[in-house]
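Everything below concerns the one structure shown next.
The values are calculated or read from the model by the stated rules, or taken from the named source; none is laboratory data. As the structure is a computational prediction, the values presented were derived from the model and not from experiment. All Cβ positions, even for glycine, are placed from backbone atoms using ideal geometry, and neighbour counts span all protein chains on display.
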Amino acid sequence: MADGDPHATLRGSASTPRRAHALGAPSGRLCLVVIGEGLDATYPLPDAGKVGIGRSPSSDIRIEHPSVSRDHALLTIGDTLQIADRGSANGTRIRDRWLTAEASAEVALGEPIDVGSVMVVVQQRSAPAQQRHIWAHGYFEARLDEECARAKRSGATFAVLRIHCPTPDRSRVVEQCLCRDLRAMDVIGYYGPSEHEVLVIDVSADQIAVVTSKLTTALTAAGVQANIGVALYPHDARNPYELLARASSAALGQVPVPSSASPLVIANVAIQNLDRIVQRIAGGTISVLVTGETGVGKEVLAERIHKLSRRADQPFLRLNCAALSESLLESELFGHEKGSFTGATAAKAGLLETSDGGTVFLDEIGELPHSIQVKLLRVIEERQVQRVGALKSHYIDVRFIAATNRDLEVEIVRGTFRQDLYFRLNGITLVIPPLRERTSEIAELAEAFLRQAADRNGVSRSPGVSPEALALLREYAWPGNIRELRNVMERALLLSGGGLIDIEHMPTEKVRTGLVRTTPVVMPSSPPTSASPPSPQSPQSPQSPQSPSPPVLDEDPLFAIADERARILEALTRAGGNQTHAAQLLGISRRTLINRVIQFQLPRPRKK
């Protein structure tokens, strides 16, 4: 782009720069420097192609100067550089030679070219790797968390890459390839020895395939044998912890780790009571609704119900309602007849039909499109399924277990979820408490995840966890619950090299930011006074020594979540929506506040 110059802009046409700079295309190593009266700009050039130069808005490189014609010159980039005049009024000159209309001449790097009275020079660009930063995993995870929230609001898609290189001494080469071949907007992180991670912004499945192919080619050319794992939002997952886990599994050449791979630990009283209920209802046919925060193990519980039921030897279908588009979801669930739509070359039984006699687990049921809700209600009521384009229905015998981290009663009020479907699914509701309320399970879960990670990474012996590291794990709030704990233990194994897991292998910056506080302080309800911190519109000033110390947010898991939610809302109100100010009032970091806003599904404050 032009370096702040208002008179020169880089345009894209069907011929080059826009296409050349599209995602996955070769990134140019050349640039065009424009120098003239009131002009001083630099533009990146593609590796190959034709670049039009002129005053017209449709020019690839637009130079708004009276001496430049609308379609002045054409720069051709290939094995050699060629400049051609397009019949301009004021001519194109190189080496003191004025080119006639449509005549061309070879150009050397650094050689000045006169386009009218404006000078342009083709130069070699400096290596972009020197301008990139390899971020620590803590920053990368926080950035991924923000991107998940942004994509949820905007409907955008993005991808997480995990690059696994078996030879740690080639790590620097891997970083050079990533810095050179990825866009400036993409985030590169260091996960651990032999492991790097990348957040690729605003890409589709087709585009990310081009990116991974390009990276694989570049790494191979550099003599590096590496595996690249991909997780696409929202197709593969909708939260940072599962995206990281899926990308990691793919990089190691394994089947993506499902939630059901989490070990079943029943060391907490609430979970023990929940399991007793599960054992009672498993033998029946009642529909079950499982609720709880993201990553608490809803799929684990659903699979336990299936295994304890009389359907244990029949199919257990896992279906993520948020991962499929509406049209694809209908075809996959109910099947279709031949010719029912373009591409339906043969009849196909739907997933509900193929699961006859078994259990259907509908994860993220709150994301189910309204039109599919109507058809699913009919299936549950009549136990019959009708294929797309069919005239007759088929009887099926399946048990439905649904799961969600949303409050479906609130969604009913909003009109996004059908009340009659809610009543049909909600034969009984099982609520799984978050991990921060089940600290007695953390030690056993951590050891189980270490054993799994050791098996996946070829480590012969699962290491232990030091008492200091275990104490830190027990004090953390775990917003990502069990799924986050699994990722933390996998990374700790990589950093430890198979030795004892200690505090130095923990993401201490993140963990200590989210430590559970034990000093209950009630948020003052009095309105702000002149001694209160400044409003968001006024400059922030240091707190005076006479001012009372900021109240501390009580993150004790025994404290009522509703009370914590109310205090966060009150702090945001007092701060006028300023998150930094609200975090200071609560005595927590801004990142912890943002995590709580997402966790409690609070409306994100808008700047006034």
Which of the residues that make up region 61-89 are under 43 Å from the mean Cα position of the chain (by Cα), assigned to a loop (DSSP other than H, G, I, E, B) and among the hydroxyl-bearing types (Ser, Thr, Tyr)? 80
When (1) buried (at least 16 other Cβ atoms within 10 Å of the Cβ); (2) among the polar types (S, T, N, Q); (3) within 24 Å of residue 493 (Cβ to Cβ) are applied to residue 227, the one that fails is (1)
Quick count over region 175-194, residues being touching a residue at least 60 places away in the same chain (Cβ under 8 Å) and closer than 13 Å to residue 160 by Cα, is 1
Out of all the residues in region 582-591, which are under 21 Å from residue 143 (Cα atoms) and surrounded by 21 or more Cβ atoms within 10 Å (Cβ to Cβ)? 582, 583, 588
If residue 58 satisfies all but one of (1) in contact (Cβ under 8 Å) with a residue 24 or more places away in the chain; (2) over 44 Å from the mean Cα position of the chain (by Cα); (3) part of a loop (DSSP other than H, G, I, E, B), what's the number of the condition it fails? (2)
Return a yes/no flag: does region 450-470 have any residue that is under 15 Å from residue 249 (Cα atoms), of a type in the set (Gly, Ala, Ser), under 24 Å from the mean Cα position of the chain (by Cα) and crowded, with 18+ Cβ neighbours inside 10 Å. yes
Those residues that are in contact (Cβ under 8 Å) with a residue 24 or more places away in the chain and farther than 20 Å from residue 124 by Cα, I need them from region 67-88; list them, please. 67, 68, 69, 72, 73, 86, 88
Out of the residues in region 437-491 meeting the condition of being of a type in the set (D, E, K, R) and not in a helix (DSSP H, G or I), tell me which one is modelled with the highest pLDDT. 438
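With respect to residue 366, determine if the residue is small (Gly, Ala, Ser), part of a helix (DSSP H, G or I) and at pLDDT 80 or above. Show your work before the answer.
Numbers: small (Gly, Ala, Ser): yes; part of a helix (DSSP H, G or I): yes; at pLDDT 80 or above: yes.
It is true that residue 366 is small (Gly, Ala, Ser), part of a helix (DSSP H, G or I) and at pLDDT 80 or above.
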How about region 338-357: which of its residues are surrounded by 13 or more Cβ atoms within 10 Å (Cβ to Cβ) and either in a loop (DSSP other than H, G, I, E, B) or over 35 Å from the mean Cα position of the chain (by Cα) (or both)? 340, 344, 347, 350, 355, 356, 357
What do you reckon, is residue 89 loosely packed, with under 15 Cβ neighbours inside 10 Å, out of contact with any Asp or Glu (no Cβ under 7 Å at 6 or more places or on another chain) and modelled with pLDDT under 90? no
Out of 107, 68, report the one residue that is under 20 Å from residue 38 (Cα atoms), of a type in the set (A, V, I, L, M) and surrounded by 21 or more Cβ atoms within 10 Å (Cβ to Cβ). 68
So, in region 302-333, exactly how many residues are of a type in the set (Gly, Ala, Ser) and either part of a helix (DSSP H, G or I) or assigned by TED's automatic domain parsing to the domain that holds residue 234 (or both)? 3
